[in-house]
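K.L.:
The following block contains the structure, expressed as structure tokens.
The values are calculated or read from the model by the stated rules, or taken from the named source; none is laboratory data. Since we're looking at a predicted model, the values are computed, not measured. Surface areas here come from the heavy atoms of the whole protein model, side chains and all, with no ligands, DNA or RNA. Shrake-Rupley method; radii C 1.70, N 1.55, O 1.52, S 1.80 Å.
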Amino acid sequence: MVTDVFAVLANPVRREILTLLRDGPRAVNDLAGRFEAGPLAEVEAWLHPFERFWRTRLRSLRDVLDEERP
């Protein structure tokens with residue numbers, strides 16, 4: 001497998017992980033904790049209105065399919 005080192009290093013999260021590992025090994029949870037909560041909370045907040053929309057539509061589809069089922 002050929003890996004483009006420069007493509008790997010172009011990713012800012014990977015660069016930050018490498019910076020954190022310079023001082024030695026770190027627990028995976030410690031590394032992951034630095035990148036999870038904030039950005040994911042923003043994504044969740046942005047997706048929430050769409051989730052409600054699709055949940056309603058899928059529930060309606062389920063009702064129609066249930067009616068058609070013998």
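K.L.:
Looking only at segment 33-46, how many residues end up being open to solvent by 80 Å² or more (accessible area, probe 1.4 Å) and of a type in the set (A, V, I, L, M)?
P.N.:
So the count comes out to 1.
K.L.:
Here is a list of conditions, (1) at pLDDT 90 or above; (2) within 21 Å of the chain's Cα centre (by Cα); (3) open to solvent by less than 70 Å² (accessible area, probe 1.4 Å), and SER60 meets all of them except one; can you say which number that is?
P.N.:
So the condition that SER60 fails would be (2).
K.L.:
Quickly run through segment 1-32 and pick out the residues that are assigned to a loop (DSSP other than H, G, I, E, B), of a type outside the set (A, V, I, L, M, F, W, C) and open to solvent by 70 Å² or more (accessible area, probe 1.4 Å).
P.N.:
Matches in segment 1-32: THR3, ASP4, ARG22, ASP23, PRO25, ARG26.
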